[in-house]
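Visitor: Take a look at the following structure, please.
The values are calculated or read from the model by the stated rules, or taken from the named source; none is laboratory data. None of these values were measured; they are calculated from a predicted model. Counting neighbours? That spans all protein chains shown, and the Cβs are built from the backbone with ideal geometry, glycine included.
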Amino acid sequence: MSEEIKDLKKKLFSAKKNGYDRLNAAELPLVDAYCTGYMAYLDAGKTERLCAAESIRLAEAKGYRPYVRGMEVKIGDKLYVCNRGKAVMLAHIGRKPLSEGAQIAAAHIDAPRLDLKPNPLYEDSELAYFKTHYYGGIRKYQWVTVPLELHGVVALKDGRSVTVNIGADAGDPRLVITDLLPHLGQEQAKKPLGVAIPGETLNLLLGSRPIGDEEDTSRVKLAVMQLLHEKYGITEDDFTSAELEAVPAMNACDIGLDRSMIGAYGHDDRVCSYAALKALLDLEETPAKTAVCVLADKEEIGSDGVTGMQSAAFDTFMEDLCDAQGVPVRVCFEKSFCLSADVTAAYDPDYAEVYEKRNAAFLNYGVGLCKYTGARGKSGASDADAETVAYVRRLFDDADVFWQIVELGKVDAGGGGTVAMYMANRNISTLDAGVPVLSMHAPFEVVAKLDCYETYKGMRAVYLAEN
Ligand code: MN
Ligand code: MN
């Protein structure tokens, strides 16, 4: 190749590079240290409630305190509000007034899982079970024969709330959903993946040891209920007002001989939640504009509900902060920027047919920017304007953040959504960005450590933007 052509290519062509070909060797320990913190965050927060609590614990350790309406709001203040124990909004009040807008990162802390039904407990053939109702988009076949743990709360009529934790502590028993043996699975094996495991077979095995005498009935169910009563003081009717979630009983671990990846439950979207939170907590000085981190619930079922991104809880939080500065919240919103921090699909060579390689996200290429998500003709996407994408390009390049511009998969292959449109609908310029994930929504997902760290750097760049 002539020098001339080489130079011309260098000048005119996009030069995508594996992050490891760009990374300064001195940064590698920072990547590892960051990911160690992230893995501990995952282990501590396997449900939205636990993740919210862990986020608040980390924030308080860095000087954040609960915001109470009417409180004076001063430059440099570090405030947070927890919405019903399931979503968290944090703000580091900037030097500029909120009339100049806020720099927002919004991620979600809920993840696909199996919720208990309101009448969950039953006995069949002298085995006790909990019936479940899946939450979010799961591939049901992935949730059988996987060790599970149970977390959540039972809200009692007297106003007390009992925290349930079965399976997370060392020595705890685990729960499991059984599957057919291959010897008898010939008919099942012919069925499409989506229907081979019906939702009504996702029942958690709870016990097999009866109490009482032979002539008694429901003896295994009674034994299980007795154990639950001893431990938590609850009766069967209390399941009526409970939120109990079965999640994989696995902690985060390194993946690969080179330890370059992390395997865990709930990367979607705690990998972006942690990046958004940690970047905010690590700000060593007061940002120019108010930096806001939103850790939302209910994204996996459409962001509806009182703790979801469509809830007025966010508007209320922002309006309260704006009120303290005498700024109409609509003025703040129209000047604000939001990075909708959510994961994207990483290119998987085993399933190349669903990806469009020229626009796919690759592991180790950094945070994936998505101008739009959605399905088919971009249905359900906020479709950021070119100017907003240019703004983030500049921010990220100036901060030396590794990023790639990507789509989820082939145009006709399917699609997905994020909280982006709900922020954009508020008249906030919004762009999707997040970590590429392998096996997204599986009980055990995989991300690359480098991408986690670059996403953290990206969040930091957003918070620190002067304009
Ligand atoms: Mn997500
Ligand atoms: Mn998801």
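Visitor: Name the single residue that is nearest to the chain's Cα centre (by Cα) among those in the stretch 22-43 being within 19 Å of Leu280 (Cα to Cα) and aliphatic (A, V, I, L, M).
Guide: Leu42
Visitor: If you go through the stretch 14-25 one residue at a time, how many are exposed (fewer than 10 other Cβ atoms within 10 Å of the Cβ) and at pLDDT below 95? Break it down into steps so the answer makes sense when it comes.
Guide: Start the filter on the stretch 14-25 by keeping residues that are exposed (fewer than 10 other Cβ atoms within 10 Å of the Cβ), which leaves 14-15, 21, 24-25.
Then keep just the ones that are at pLDDT below 95; that gives 14-15, 24-25.
Within the stretch 14-25, residues that are exposed (fewer than 10 other Cβ atoms within 10 Å of the Cβ) and at pLDDT below 95 number 4.
Visitor: When you scan the stretch 287-299, do you find a residue that is under 19 Å from Pro443 (Cβ atoms) and within 16 Å of ligand 2 (Cβ to nearest atom), even just one?
Guide: Restricting attention to the stretch 287-299, the residues satisfying the condition of being under 19 Å from Pro443 (Cβ atoms) are 299.
Add one more test, that the residue is within 16 Å of ligand 2 (Cβ to nearest atom), and what stays is 299.
Yes, the stretch 287-299 contains at least one residue that is under 19 Å from Pro443 (Cβ atoms) and within 16 Å of ligand 2 (Cβ to nearest atom).
Visitor: Hey, which of the strands (runs of 3 or more DSSP E) in the stretch 351-437, taking only ones fully inside, have at least 1 residues that are of a type in the set (Phe, Trp, Tyr)? Explain how you work it out, then say what you get.
Guide: Working: elements: 367-370, 403-405, 429-434.
Output list reads 403-405.
Visitor: A further question follows. Restricting attention to the stretch 223-262, report how many residues are of a type in the set (Asp, Glu) and more than 17 Å from Pro118 (Cα to Cα). Lay out the reasoning, then the answer.
Guide: Step one: of the stretch 223-262, the residues of a type in the set (Asp, Glu) are 230, 236-238, 243, 245, 254, 258.
Filter again for more than 17 Å from Pro118 (Cα to Cα), leaving 230, 254, 258.
Selection size over the stretch 223-262: 3.
Visitor: Scan the stretch 244-300 for residues that are hydroxyl-bearing (Ser, Thr, Tyr) and under 11 Å from the mean Cα position of the chain (by Cα) and jot them down.
Guide: Tyr265, Ser273, Tyr274
Visitor: Please go through the stretch 109-140 and give me each residue that is more than 16 Å from ligand 2 (Cβ to nearest atom) and on the phi > 0 side of the Ramachandran plot, ordered by number.
Guide: Ser125, Glu126
Visitor: Could you say which residue among Asp400, Asp342 is buried (at least 19 other Cβ atoms within 10 Å of the Cβ), at pLDDT 95 or above and not hydroxyl-bearing (Ser, Thr, Tyr)?
Guide: Details: Asp400 fails: buried (at least 19 other Cβ atoms within 10 Å of the Cβ).
Just one listed residue meets the conditions, Asp342.
Visitor: Tell me whether the stretch 141-154 contains one or more residues that are without any contact (Cβ under 8 Å) to a residue 40 or more places away in the chain and either away from ligand 2 (no atom under 16 Å from the Cβ) or touching a Cys at 6+ places or on another chain (Cβ under 7 Å) (or both). Break it down stepwise before answering.
Guide: Quick first cut of the stretch 141-154, residues without any contact (Cβ under 8 Å) to a residue 40 or more places away in the chain only: 145.
Within this subset, residues satisfying the condition of being either away from ligand 2 (no atom under 16 Å from the Cβ) or touching a Cys at 6+ places or on another chain (Cβ under 7 Å) (or both) are 145.
Within the stretch 141-154, one or more residues are without any contact (Cβ under 8 Å) to a residue 40 or more places away in the chain and either away from ligand 2 (no atom under 16 Å from the Cβ) or touching a Cys at 6+ places or on another chain (Cβ under 7 Å) (or both).
Visitor: Residues in the stretch 135-159 that are outside any strand (DSSP E or B) and either more than 17 Å from His441 (Cα to Cα) or within 16 Å of ligand 1 (Cβ to nearest atom) (or both): how many? Before the answer, list the steps.
Guide: Restricting attention to the stretch 135-159, the residues satisfying the condition of being outside any strand (DSSP E or B) are 136-147, 156-159.
This time we only want the ones that are either more than 17 Å from His441 (Cα to Cα) or within 16 Å of ligand 1 (Cβ to nearest atom) (or both), so: 136-139, 156-159.
Going through the stretch 135-159 one residue at a time, the tally reaches 8.
Visitor: So, in the stretch 300-333, how many residues would count as being in a helix (DSSP H, G or I), of a type outside the set (A, V, I, L, M) and crowded, with 16+ Cβ neighbours inside 10 Å? Before the answer, list the steps.
Guide: Step one: of the stretch 300-333, the residues in a helix (DSSP H, G or I) are 300-301, 313-324, 329-333.
Those still in the list that are of a type outside the set (A, V, I, L, M) too: 300, 314-317, 319-320, 322-323, 330, 332-333.
Remaining after also requiring crowded, with 16+ Cβ neighbours inside 10 Å: 300, 314, 317, 319-320, 322, 332-333.
Counting residues in the stretch 300-333 that are in a helix (DSSP H, G or I), of a type outside the set (A, V, I, L, M) and crowded, with 16+ Cβ neighbours inside 10 Å gives 8.
Visitor: Of all residues in the stretch 111-128 being among the small types (Gly, Ala, Ser) and crowded, with 20+ Cβ neighbours inside 10 Å, which is farthest from ligand 1 (Cβ to nearest atom)? If you could, list the steps in order and put the result at the bottom.
Guide: Applying the first criterion (among the small types (Gly, Ala, Ser)) to the stretch 111-128 yields 111, 125, 128.
Checking which are crowded, with 20+ Cβ neighbours inside 10 Å leaves us with 111, 128.
Numbers: Ala111: 8, Ala128: 34 Å.
My answer is Ala128.
Visitor: Is there any pair linking a residue in the stretch 327-350 that is within 19 Å of Leu431 (Cα to Cα) to one that is polar (S, T, N, Q) and in a helix (DSSP H, G or I), with Cβ under 8 Å and at least six apart or on different chains, and which?
Guide: Correct list of pairs: Cys332/Ser99; Lys335/Ser99; Phe337/Thr388; Ala341/Ser273; Ala341/Thr455.
Visitor: Something else about it: Here are some conditions: (1) under 17 Å from Gly368 (Cβ atoms); (2) modelled with pLDDT of 95 or more; (3) of a type in the set (S, T, N, Q). Thr418 meets all but one. Which one does it not meet?
Guide: (2)
Visitor: Quick check, is Val162 assigned to a loop (DSSP other than H, G, I, E, B), in contact (Cβ under 8 Å) with a residue 60 or more places away in the chain, more than 16 Å from ligand 1 (Cβ to nearest atom) and not assigned by TED's automatic domain parsing to the domain that holds Ser303? Reasoning before the result, please.
Guide: Values: assigned to a loop (DSSP other than H, G, I, E, B): no; in contact (Cβ under 8 Å) with a residue 60 or more places away in the chain: yes; more than 16 Å from ligand 1 (Cβ to nearest atom): yes; not assigned by TED's automatic domain parsing to the domain that holds Ser303: yes.
Considered against the rule, which asks whether it is assigned to a loop (DSSP other than H, G, I, E, B), in contact (Cβ under 8 Å) with a residue 60 or more places away in the chain, more than 16 Å from ligand 1 (Cβ to nearest atom) and not assigned by TED's automatic domain parsing to the domain that holds Ser303, Val162 comes out as no.
Visitor: State whether the residues of the stretch 416-423 include one that is within 16 Å of ligand 2 (Cβ to nearest atom), hydroxyl-bearing (Ser, Thr, Tyr) and closer than 25 Å to Asp304 by Cβ. Don't jump to the end; show me each part of the working.
Guide: Taking the stretch 416-423 and keeping what is within 16 Å of ligand 2 (Cβ to nearest atom), we get 416-422.
This time we only want the ones that are hydroxyl-bearing (Ser, Thr, Tyr), so: 418, 422.
When the remaining residues are screened for being closer than 25 Å to Asp304 by Cβ, the result is 418, 422.
Within the stretch 416-423 (the criterion being within 16 Å of ligand 2 (Cβ to nearest atom), hydroxyl-bearing (Ser, Thr, Tyr) and closer than 25 Å to Asp304 by Cβ), the answer is yes, since at least one residue qualifies.
Visitor: Evaluate the stretch 432-440: report whether one residue or more is in contact with a helix residue (DSSP H, G or I) (Cβ under 9 Å, 6 or more places away or on another chain), within 11 Å of ligand 1 (Cβ to nearest atom) and at pLDDT below 95.
Guide: No, the stretch 432-440 contains no residue that is in contact with a helix residue (DSSP H, G or I) (Cβ under 9 Å, 6 or more places away or on another chain), within 11 Å of ligand 1 (Cβ to nearest atom) and at pLDDT below 95.
Visitor: Please find, among Ala386, Ala442, the residue that is surrounded by fewer than 23 Cβ atoms within 10 Å (Cβ to Cβ) and within 28 Å of Ala249 (Cα to Cα). Explain how you work it out, then say what you get.
Guide: On the way: Ala386 fails: within 28 Å of Ala249 (Cα to Cα).
Exactly one residue qualifies, and that residue is Ala442.
Visitor: Go through the stretch 416-432 residue by residue and tally those that are within 19 Å of Ala111 (Cβ to Cβ) and of a type in the set (Gly, Ala, Ser).
Guide: Our first condition is that a residue be within 19 Å of Ala111 (Cβ to Cβ); within the stretch 416-432, this holds for 416-420, 422, 432.
Still in the list and also of a type in the set (Gly, Ala, Ser): 416-417, 420.
Adding up the residues that qualify gives 3.
Visitor: Moving to a separate point now. On the given criteria, is Ile255 surrounded by 22 or more Cβ atoms within 10 Å (Cβ to Cβ), away from ligand 2 (no atom under 16 Å from the Cβ) and within 30 Å of Gly368 (Cα to Cα)?
Guide: Working: surrounded by 22 or more Cβ atoms within 10 Å (Cβ to Cβ): no; away from ligand 2 (no atom under 16 Å from the Cβ): yes; within 30 Å of Gly368 (Cα to Cα): yes.
When the stated conditions are applied, Ile255 does not pass them.
Visitor: Of the residues Ala59, Ala105, Ala26, which single one is in the same structural domain as Ser439 (by TED's automatic domain parsing), closer than 25 Å to Glu445 by Cα and not in a loop (DSSP other than H, G, I, E, B)? If you could, list the steps in order and put the result at the bottom.
Guide: Numbers: Ala59 fails: closer than 25 Å to Glu445 by Cα; Ala26 fails: closer than 25 Å to Glu445 by Cα.
The match here is Ala105.
Conditions tested, residue by residue: (1) closer than 29 Å to Asn359 by Cα; (2) within 16 Å of ligand 1 (Cβ to nearest atom); (3) touching a Pro at 6+ places or on another chain (Cβ under 6 Å).
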position	(1), (2), (3)
Tyr274	yes, yes, no
Glu285	no, no, no
Gly302	yes, yes, no
Gln310	no, yes, no
Ala313	no, no, no
Cys322	no, no, no
Pro328	no, no, no
Ser336	yes, no, no
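Visitor: In this structure, does Thr132 turn out to be surrounded by fewer than 16 Cβ atoms within 10 Å (Cβ to Cβ) and outside any loop (DSSP other than H, G, I, E, B)? Explain how you work it out, then say what you get.
Guide: Values: surrounded by fewer than 16 Cβ atoms within 10 Å (Cβ to Cβ): no; outside any loop (DSSP other than H, G, I, E, B): yes.
No; evaluated as a whole, the condition is false for this residue.
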